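One structure is given below, encoded as structure tokens.
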Amino acid sequence: MESRYTPADIEEKWQKDWAAQKLSETSTDRSKPKFYTLSMFPYPSGNLHMGHVRVYTIVDVIARLKRMQGFRVLNPMGWDAFGLPAENAAIERNIHPAKWTYSNIAQMKVQLDALGISFDWNKEIATCSPNYYKWTQWMFLQFVSAGLAYQKEAIVNWDPIDQTVLANEQVDSEGKSWRSGAKVERKQFRQWFFKITDYAEQLLQDLDQLDGWPERVRTMQANWIGKSTGAQVTFKTEIGEDLVVYTTRPDTLWGASFMVISPEHPLVEKLTKPEQSAAIKAYQEESAGKSEIDRTAEGKEKTGVWTGSYAINPVNELQIPIWIADYVMMDYGTGAIMAVPAHDQRDFEFAKKFGLDIKVVVQPEGETLDGSTISKAFTNPGTMANSGPLDGVPAGKGKGESVDAAVQWLEAQGKGNGTTNYRLRDWLISRQRYWGSPIPIIHCPDCGAVPVPDDQLPVELPENVEFSGKGSPLAKLESWVNVPCPSCGTPAKRETDTMDTFMCSSWYFMRYPDAQNDKAAFDPAIGNDWMQVDQYVGGIEHAILHLLYSRFFTKVVRDRGLLNCDEPFKRLLTQGMVQAKTYKNPKTDRYVKPEDIKDLTNPVDPETGEALNLVYEKMSKSKYNGVAPGDVIDKYGADTARMFILFKAPPEKDLEWDDADVEGQFRFMNRIWRLVTESGVKANAAAIASGNLSKAEKDLRRSIHIAIKEITEDLTDDYQFNTAVSELMKLSNALGDFTQKDSTVYAEGIQTLLRLLAPFAPHIADELWKNHLGNAESVHLQAFPVLDESALVVDEITIVIQILGKTRGSITVPSASTKDEIEALATASELAQKYIAGKEVKKTIVVPGKLVNFVIVP
């Protein structure tokens, strides 16, 4: 009697066996084509969640498949280990961030191994290790050498809880910190920036190279870069200072009736008249406490204060008042705008509130608008009016339309020039925290900012620090801060800011191929051998932050002569979230634990008696809908967990967790176990003879090779793991229905099933392949099945017989039959003769491969 399928008895055994055989290690055989598959590395929180299980299972299927297809595969793993959570843990638990982090890493490695993920742990990196951040610091100095790193005083996003600066991308749509959830404030600090704007056009244009990326992600990046064309125009002020504005609609200059500058604009103080000084200062203080989201949100009530000063509109020499308002940001454009309230809704609302002039300069066809009576800004197509040289010109940005005409006129008159602008702003990399890579700069009173010499890297984080949660502990540690200048020896001070954690994750994929190199960040020969990453897998939430920075890094490293590729990731798969049922009170937005609900078929709040909504949401402890991967593995095994994750939904779609579906995959694993263990097939089964096969054998062999064909297609480029698992089920059913157990075709089918299954459910596949079929080598060392086209050829086909368009039955005919032969066979068939014998056949319609329709005279 065959043994039962017990995952706990086989999975850990095979994990140890694979490690002993080094099956996951990266091949150095350069005769094989390379395939670099990569999952976005995790923050080491200490526990895997189902989102992790999904992404790493996806990557593992790809890696195992490619190895079986003859590729040398790089499938590495590491840890995005710097960041605020570790520092916060140090404060809350009185433990050093490094100890907490490395303990979490050790725990998560055990959990990953339990899933059977075939990572090459020889390539492991942790961004918090001095062996890694030494090279992050070296990368920073490459940017310094290239003139792409600089310090400046800047208005920044300040997290009052974590007491650190945030990049714009780290502030959510509600103006809150993506980490702490605190309402973000605006403060001025001296900060380090990278000139990502120098690469804005390349980053935009090279999106066209990324045809293996989701269109949604490319669109998000293009929108973030935000290229626009327009004109730069200079407005003279009564104090003799120039105010430069950038506008995408220079054609509406004749309708500009006031100007607005940012509260942080450097000319505010000079432009403010004494009688307005108190109001201006109060407004500046109020604005400083608001986030960018607060200031620029659509529909928010407009606020502002007049400076008391005027500017001269260069196109008509009219005086227009200069206001400050918080909806104008200093770090976008020039920090000053011309306001055209008749044709911009934001300006219209401002003008209406403060009683400012509204001048119509674009008129709709067949209508004349009056600025004093319109109820909203007119932004539709029309014709220029009250605009001097542009009167009568069609309004718009097309060739020969008003924008083009306005730019030409401004340039001819010396009053402005056409230019291109980008929404993208330089990357702020400074953070006022401890647990990050120190910025390798020493500030000398004589030499200025001096890079730490390469041979003195890494600048290591000191361990004897106190964590208060208020700002950077580094700034308080004088023994670490005070050092001699590397250039002149004068007493100097270290930079106490650490780097944004996105610095670490913007180049880690370059390190993996040469992860043990202690002489360089990577050997360019090795880097160029493996780069680009062939398949990158991670969440859509990284569409802007991480992916844009990684693309920028790659281009800079290329320009430094270290890599030959323009883009880091050839193909990108953004997997959907793993969701589960939640029970939520719609009135209080409170989530309720399922175990606190008496009747889940009619859920009500146990405290209020109010009806609860049952909805699927992303798994979360706070929503009481998390499922621990370890619990699923303990009950069903890693292979079942993997198969469910792959089968439940297409990889790019959200996945709804369902215990019944997990049970379904466990039953499928049991079905395969019984199928193989009861098959009697052994490794030395006779080779397939293509001739002299019975019809049943031909049908089974066709099913085998249809499965090979469909699964191979499903696992090529646009991965459809769910339909591939469906094909595995179809093949197992075909094998289960086949009765000739001694057939060589049946043996081919059993062995093919296990080789097809191996990337998906690696443990059961190897157990059955070696211990039940008796093969000497692991199934993971076998070639992935290859389609035999001849097996798909059908000897006979079914033809439907119709009489006067009504189906009466079907017959089988040789598949190679011509149209005339099909008609003859159909006419002579017993089925057709039953209806046409003795009748006049007016017409016979033959659709080859499908049907024959006899049109008879009733």
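The values are calculated or read from the model by the stated rules, or taken from the named source; none is laboratory data. Keep in mind the model is a prediction, meaning the values are calculated, not measured. When we count neighbours, we look across all protein chains shown, and the Cβ atoms used for this are built from the backbone with ideal geometry, even at glycine. These accessible areas exclude ligands, DNA and RNA; they are computed on the full protein's heavy atoms, side chains included. Shrake-Rupley method; radii C 1.70, N 1.55, O 1.52, S 1.80 Å.
Quick notes on this structure:
- Long-range neighbours under 7 Å by Cβ, at least six apart or interchain, first residue open to solvent by 50 Å² or more (accessible area, probe 1.4 Å) within the range 654-674, second of a type outside the set (S, T, Y): D654/G576; D654/M577; D654/Q579; E656/Q579; D661/F644; D661/K648
- Among (1) more than 30 Å from K227 (Cβ to Cβ); (2) in a loop (DSSP other than H, G, I, E, B), the one test that G299 misses: (1)
- Selection status of K66, over 29 Å from A580 (Cα atoms), free of Cβ contacts under 8 Å to residues at least 40 places away in the same chain and basic (K, R): yes
- Taking (1) open to solvent by 10 Å² or more (accessible area, probe 1.4 Å); (2) over 30 Å from H265 (Cβ atoms) in turn, F193 satisfies each apart from (2).
- Pair list, Cβ under 8 Å, 6 or more apart: the range 85-105 residue within 14 Å of G46 (Cβ to Cβ), other residue open to solvent by 40 Å² or more (accessible area, probe 1.4 Å) and not in a loop (DSSP other than H, G, I, E, B): W100/R93
- Pairs where the first residue, in the range 515-536, is more than 18 Å from E25 (Cβ to Cβ) and the second is loosely packed, with under 14 Cβ neighbours inside 10 Å, C-beta under 6 Å, 6+ apart: N528/N564
- Test: residue in the range 129-152 that is among the polar types (S, T, N, Q), open to solvent by less than 10 Å² (accessible area, probe 1.4 Å), touching a helix residue (DSSP H, G or I) at 6+ places or on another chain (Cβ under 7 Å) and touching a residue at least 40 places away in the same chain (Cβ under 8 Å): yes
- Scanning the range 297-316 for residues that are of a type in the set (S, T, Y) and open to solvent by 50 Å² or more (accessible area, probe 1.4 Å) yields a single hit, Y310.
- Only listed residue being open to solvent by 40 Å² or more (accessible area, probe 1.4 Å), in a loop (DSSP other than H, G, I, E, B) and farther than 30 Å from G147 by Cβ, chosen from P651, P606: P606
- Residue check, Q319 modelled with pLDDT of 95 or more and open to solvent by 60 Å² or more (accessible area, probe 1.4 Å): yes
- Considering residues of the range 421-478 that are assigned to a loop (DSSP other than H, G, I, E, B) and among the hydroxyl-bearing types (S, T, Y) only, the residue nearest to R551 (Cα to Cα): S437
So that you can scan it fast, the table gives a plain yes or no per residue for (1) among the acidic types (D, E); (2) buried (at least 17 other Cβ atoms within 10 Å of the Cβ); (3) free of Cβ contacts under 8 Å to residues at least 24 places away in the same chain:
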| residue | (1), (2), (3) |
| --- | --- |
| E124 | yes, yes, no |
| A154 | no, yes, no |
| D162 | yes, yes, no |
| S177 | no, yes, yes |
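- Lone qualifier among T712, T716 - being surrounded by fewer than 23 Cβ atoms within 10 Å (Cβ to Cβ), part of a helix (DSSP H, G or I) and hydroxyl-bearing (S, T, Y): T712
- Lone qualifier among I324, I320 - being closer than 18 Å to K359 by Cα and either touching a Ser or Thr at 6+ places or on another chain (Cβ under 9 Å) or charged (D, E, K, R) (or both): I320
- Out of V800, V786, V793, sole residue that is of a type in the set (V, I, T), open to solvent by 30 Å² or more (accessible area, probe 1.4 Å), in contact with a Ser or Thr (Cβ under 6 Å, 6 or more places away or on another chain) and farther than 30 Å from G576 by Cβ: V800
- Looking at D326, D294, just one residue is assigned to a loop (DSSP other than H, G, I, E, B) and either surrounded by fewer than 19 Cβ atoms within 10 Å (Cβ to Cβ) or in contact (Cβ under 8 Å) with a residue 24 or more places away in the chain (or both), and that residue is D326.
- Residue check, A90 more than 30 Å from V779 (Cα to Cα) and either buried (at least 22 other Cβ atoms within 10 Å of the Cβ) or of a type in the set (G, A, S) (or both): yes
- Check on A81, touching a residue at least 40 places away in the same chain (Cβ under 8 Å), of a type outside the set (D, E, K, R), over 16 Å from Y536 (Cβ atoms) and in a loop (DSSP other than H, G, I, E, B): yes
- When the residues of the range 434-458 are filtered to those that are under 32 Å from the mean Cα position of the chain (by Cα) and open to solvent by 10 Å² or more (accessible area, probe 1.4 Å), the one that is nearest to T498 (Cα to Cα) is W435.
- Positions within the range 552-571 being within 16 Å of the chain's Cα centre (by Cα) and open to solvent by 10 Å² or more (accessible area, probe 1.4 Å), in sequence order: K570, R571
- Considering residues of the range 834-858 that are within 20 Å of S817 (Cα to Cα), not charged (D, E, K, R) and not in a strand (DSSP E or B) only, the residue least open to solvent (accessible area, probe 1.4 Å): G849
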